[in-house]
Every structure is written in C-alpha cells, then in structure tokens.
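Working notes, structure below.
The values are calculated or read from the model by the stated rules, or taken from the named source; none is laboratory data. Because the structure is predicted, anything quoted here is derived from the model rather than measured. Please note: Cβ atoms are built from the backbone with ideal geometry, for glycine as well, and neighbour counts cover all protein chains shown.
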Amino acid sequence: MESDLHPLSDANVIFKYADDTNLLVPQNTDCTLADEFSHIKRWADTNGLIMNFDKTKELVLHCPHVTRYNLPQSLAGTEQVLTVRLLGAIFQSSLSFSAHVDYILNVCSQRIFLLKQFRAQGMPLKQLHTVFQAIILQCLAYALPAWGPFLSADLKHKIDRFLKRSYRYSFTKEIFHIQTNCHI
C-alpha cells in the first residue's frame, strides 16, 4: 500500500516497514522536513489512512557536543525525542548506543534467571551453553551491524564484563567477546 509513497527530494529517504514509515532528512537538502512531512500527510489522506500523531516522533541526530549545535524547532504536532526504538534497536540523538546496550543487558540479565533455573534443575553445562548461545548471544547480536560500529570502548567493555560474568557463573563453557564473537 505504501509503494507509491516517495520523498519529494532525492536527498531525503523514506524507510518503510509494515505499517511504519520513517523519514530521513539531512541537514543540507533542497526540501525541508516540514515539506516532506506535509507530503506524507497528504499522501495518507489521499489513500484513506489515518496517521497516529501520538506515535509520531522526531529524532534529530547530531554530533555528541550538543552545545555546538542548535537543535531545530520540532514539527507542529510531533514530539522531539532524544531516543527512539526502531525495529528493536534504540537510537539516540547523540549517536550513542548506551541506552540500547543498557536495554539489551537488562533483557539478558532477565534471561540469566532462566539459565539459573535450568542449572538448579541439573542441566549439564553443555546444554546450558547451547541455551546461552540461543537466548543471550542472539539477543546481543540482534541488529549488531547497525549499532555495533558505534560502540565506545566503555560500552564494549560493559558487554564483555557481562559475558565474562556469565562464564564465571557457568552458564557457558567459553568466554565470549562482543567484538570478536559477534563480528563488529
């Protein structure tokens, strides 16, 4: 249904996934964000679709030194946010992925509880290792090519500490490292 929705400018990009539409407008473009957004609203009206403005968010990506950058005014009717979740990855306006790393390590910590239960029920290390790879490593590796290259040394170290702790508590039979084992 969205196949005929295209940006007004070739410099701007529209990403479509199922019922989500994402618009990327660079700083230097021949068509403003407001014009592109109005174009999308007109397209939705023409096609009998209702836009959910409560879910419509604006994320302004900028260099980490926000003091050197003046954030533009948000579009009328949209909320300007510092983080946004897109297809399971949390993007931050400062191009840091600390919020995403914190989120996935929290999810992985909850899954460690399941591994503790399996171990308490007598599951051997070989099977724990297999389950660890399936529910922990896969969680860490999800969309890693999108966010992994942006990891700071501190964030890599934080993930590696979690993986080392998992080995120390015998949930896996080898020590994994985010950079070498997950291919970033």
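Annotation: CYS108 fulfils all but one of (1) part of a strand (DSSP E or B); (2) surrounded by 15 or more Cβ atoms within 10 Å (Cβ to Cβ); the unmet one is (1). When ILE112, ILE90, ILE50 are checked against the criterion of being in the same structural domain as PHE171 (by TED's automatic domain parsing) and of a type in the set (Val, Ile, Thr), ILE112 stands alone in meeting it.
Counting only residues that are touching a Ser or Thr at 6+ places or on another chain (Cβ under 9 Å) and closer than 20 Å to ALA141 by Cβ, region 79-91 holds 2 of them. Among the residues of region 166-180, those identified as closer than 25 Å to SER152 by Cα and either in contact with an Asp or Glu (Cβ under 9 Å, 6 or more places away or on another chain) or of a type in the set (Gly, Ala, Ser) (or both) are SER166, TYR167, ILE175, PHE176, HIS177, ILE178, GLN179. Scanning region 6-42 for residues that are surrounded by 11 or more Cβ atoms within 10 Å (Cβ to Cβ), at pLDDT below 85 and acidic (Asp, Glu) yields a total of 1. Among the residues of region 95-102, is there at least one that is free of Cβ contacts under 8 Å to residues at least 24 places away in the same chain, within 16 Å of the chain's Cα centre (by Cα), in a helix (DSSP H, G or I) and within 30 Å of PRO26 (Cα to Cα)? Among the residues of region 95-102, at least one is free of Cβ contacts under 8 Å to residues at least 24 places away in the same chain, within 16 Å of the chain's Cα centre (by Cα), in a helix (DSSP H, G or I) and within 30 Å of PRO26 (Cα to Cα), which makes the answer yes. Can you confirm whether region 134-150 contains a residue that is under 29 Å from TYR17 (Cβ atoms), part of a loop (DSSP other than H, G, I, E, B) and either touching a helix residue (DSSP H, G or I) at 6+ places or on another chain (Cβ under 6 Å) or aliphatic (A, V, I, L, M) (or both)? Scanning region 134-150, I find at least one residue that is under 29 Å from TYR17 (Cβ atoms), part of a loop (DSSP other than H, G, I, E, B) and either touching a helix residue (DSSP H, G or I) at 6+ places or on another chain (Cβ under 6 Å) or aliphatic (A, V, I, L, M) (or both), so the answer is yes.
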